[in-house]
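Undergrad: Below are the structure tokens for one structure; questions will follow.
The values are calculated or read from the model by the stated rules, or taken from the named source; none is laboratory data. All values derive from a computational prediction rather than experimental measurement. All Cβ positions, glycine included, derive from the backbone under ideal geometry; neighbour counts span all protein chains shown. SASA here: full protein model, heavy atoms, side chains in, ligands and nucleic acids out. Shrake-Rupley method; radii C 1.70, N 1.55, O 1.52, S 1.80 Å.
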Amino acid sequence: MSSNLDRFSLDSTLSLVSPSVSPRDITLKVPLKLGILASGNGSNFAAVADAIAQGKLNAQIQVLIYNNPEAKAAKRALQRNIPAILLNHRDFASREDLDAQIVKTLREYNVEWVIMAGWMRIVTPVLINAFPNRIINIHPSLLPSFKGVRAIEQALAAKVKITGCTAHFVSLEVDSGTILVQAAVPVLPDDTPETLHARIQVQEHRILPQAIALAASSINSI
């Protein structure tokens, strides 16, 4: 009994995900060529890589770009034989200069879709215009609520009863692009930023591969 309660405390039901379509149900004739941007632990990068390995998402990860030398995402990539390129934002004079090098690197690896999986940098038109309607971000709130940094802390401070995560297209205005998939997560009375973040991450890992498949299928159908 306790194990079931522990599982529920981390994993919300599929009925809280919208749209609730599995990536397996979306036909992609040609594997998507993905470039992943990550700044930290890389759990969303791993979720995408695992979805590909399990045959749930018809794609291949061409390269991981990370900006934090301590990011554990790099180790996750190397364990999967995926190139990991460090572009430390501190080495660039401006956000535009960083984005220009990101674009150069992505093109060197023949990337077609850019996935911001915990990328903690505001992107500029340099990157957005290089991959129009082909950049996807995962954000830990039910947008348009709680945009920007510390979204989980914002939700707790607002005392909302439900929050969650959103996979969306990237636009110039932060966390304002077209929504692809959302997952709702209940806020429990004794939640801390850490406990709520853990449950939201379960849903992030679930919806990000789905959002990639949906985005690609919608573009390909045009």
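Undergrad: Compute the relative contact order of the chain as a whole-number percentage, counting only Cα pairs closer than 8 Å that sit 6 or more residues apart in sequence.
TA: Computed over the chain, the figure is 23 percent.
Undergrad: What list of ³J(HN,Hα) values in whole Hz, one per residue of the range 206-211 in order, does the Karplus curve 6.51 cos²θ - 1.76 cosθ + 1.60 (θ = phi - 60°) give from phi, with Gly and Pro shown as x?
TA: 6, 8, 5, x, 4, 5
Undergrad: Rounded to the nearest whole Å², what accessible area per residue is found for the chain with the 1.4 Å probe? All intermediate terms of the calculation are to be shown ahead of the outcome.
TA: Values: 11070 Å² over 222 residues.
With the other protein chains kept in place, the chain gives 50 Å² per residue.
Undergrad: Along the charge dipole of the range 114-222, which of 167, 178, 152 sits closest to the positive end, that is, farthest toward it, with unit charges on the beta carbon of Lys, Arg, Asp and Glu (+1, +1, -1, -1)?
TA: Selected residue: 178.
Undergrad: Let me know the volume per residue of the alpha-carbon convex hull for the chain, in Å³. Don't jump to the answer; show the numbers that get you there.
TA: Numbers: hull volume 29.2 nm³, N = 222.
For the chain, the hull spanned by Cα atoms encloses 131 Å³ per residue.
Undergrad: Taking Cα pairs under 8 Å and at least six residues apart, what relative contact order does the range 128-178 come out at, in percent? The partial results should precede the final answer.
TA: On the way: 65 pairs, mean separation 23.2, N = 51.
Once normalised by length, the contact order is 45 percent.
Undergrad: I've got another one for you. So which residue, out of 73, 117, 155, gets the largest mean-square fluctuation from a GNM of the chain using Cα contacts under 10 Å as springs?
TA: It is 155.
Undergrad: Given the -39500 (n - 2.57) contribution per DSSP H run of 4+ residues, what per-residue ellipticity at 222 nm results for the chain, rounded to the nearest 500 deg cm²/dmol?
TA: Numbers: 7 runs with 83 residues, N = 222.
Taking each H run of at least 4 residues, the total per residue is -11500 deg cm²/dmol.
Undergrad: Which value, in Å² and to the nearest 10, is the accessible area of residue 39 when all protein chains are kept and the probe is 1.4 Å?
TA: 10 Å²
Undergrad: Moving on to the next point. Given H placed 1.01 Å from N in the peptide plane, which residues other than close sequence neighbours of residue 39 have an amide H under 5 Å from its amide H?
TA: HN-HN under 5 Å from residue 39: 119, 120.
Undergrad: With viscosity set to 1.002 mPa s at 20 °C, what whole-number translational diffusion coefficient in µm²/s follows for the range 130-222 from Stokes-Einstein and a Kirkwood radius over Cα pairs?
TA: Values: Rh = 13.6 Å.
Rounded, D is 158 µm²/s.
Undergrad: Would you work out the charge dipole size for the chain about its Cα centre, treating the Cβ of every Lys and Arg as +1 and the Cβ of every Asp and Glu as -1, and quote it to the nearest 20 debye?
TA: Details: 21 positive and 18 negative charges, 77 e Å.
Around 360 debye, computed over the chain.
Undergrad: In whole Å, what is the distance between the alpha-carbon centres of the range 116-173 and the range 21-74?
TA: If we compute the Cα centre of each part, the gap is 17 Å.
Undergrad: Which aspartates and glutamates, if any, have their Cα less than 20 Å from the Cα of residue 72, not counting same-chain residues under 8 positions apart?
TA: Cross-link targets: 50, 91, 194, 204.
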